[in-house]
Amino acid sequence: MDTLKEFVVILITVAVAALFMRMIVISVKSAVARKKEPVKSVPAKVIAKSCDTGVSAISQNGVRSGKQVFTAEFEADETLTFYVSKSEYDSLNEGDTGFLSYRGRTFLGFTKDALYGNGEL
């Protein structure tokens, strides 16, 4: 009877370890795939800002920080929402136009351009 209990404990331990290893492999593969995506810089307009109180996200520098969110609109009515640091969030205003740089779903920067668009795309 003790041998059966030991076997079950070992089996559960191996199963849990395998599950964790699988999660690590998936996470690393996902990070590598994101790094291979091209950096895009596109004309955009800030259309919304908000504070997301229910989700924590990784900011542009990889630090798990603020929950500030902004949404940018592109020329083809495409929108993307990004989590940004508090300082980046504070520097953006709804209606700002400029050039948005991002890789996949990771925000890299927003360069305001007052001459670009005059608030219009």
Give me the extension gain from S91 to V32: residue separation times 0.36 nm, minus the current Cα-Cα distance, reported in nm with one decimal.
18.2 nm
Once F74 and K112 are pulled to full extension, the length gained, defined as 0.36 nm per residue separation minus their Cα-Cα distance, is 12.3 nm
Sites L11 and A48 - FRET efficiency at Förster radius 30 Å, r taken between beta-carbons, to 0.05
0.05
For K45, list the lysines whose Cα falls under 23 Å from its own Cα; do not include residues on the same chain fewer than 8 positions away.
K67, K86, K112
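The numbers here are math on the coordinates, done by the rules we state, and not lab data. These numbers come from a predicted model, not from an experiment. As a convention, Cβ positions derive from the backbone with ideal geometry for all residues, glycine included, and neighbour counts pool all protein chains shown.
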